[in-house]
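See below for the structure under consideration.
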Amino acid sequence: MKATITSKGQVTIPGGIRDRLGLKAGQILEFDETAPFLKAHRVIDREKALSVLGSKSKELAGKTVEEWVTWLRGPIELPPKKRRSSR
């Protein structure tokens, strides 16, 4: 899937990706400037998220989204990336 960057630096996220990730108009994305690739994730309302966690809120306070997910489902190993053939 491809997207074009406009002269204003805007990119339209394709509808299929927005649907799959549950992205809605007006949501805020945060970009990871340290990643060697374009990486963004939704900014989560901290108070709302902590209220859902209840008794675990103190344990998870100050953690990143990735740390929360790891806590919830355990660590995962991603499969190795397939190399694209050059043309």
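The values are calculated or read from the model by the stated rules, or taken from the named source; none is laboratory data. Since the structure is predicted, the reported quantities are computational estimates derived from the model, not experimental observations. Neighbour counts are summed over all protein chains in view; Cβ atoms, including those assigned to glycine, are modelled from backbone coordinates with ideal geometry.
Applying the criterion of at least 2 residues that are surrounded by 10 or more Cβ atoms within 10 Å (Cβ to Cβ) and aliphatic (A, V, I, L, M) to the helices (runs of 4 or more DSSP H) found wholly in region 1-85 leaves 15-21, 46-53, 65-73. Residues of region 4-24 that are farther than 24 Å from Glu66 by Cβ and either β-branched (Val, Ile, Thr) or modelled with pLDDT under 90 (or both): Thr4, Ile5, Thr6, Thr12.
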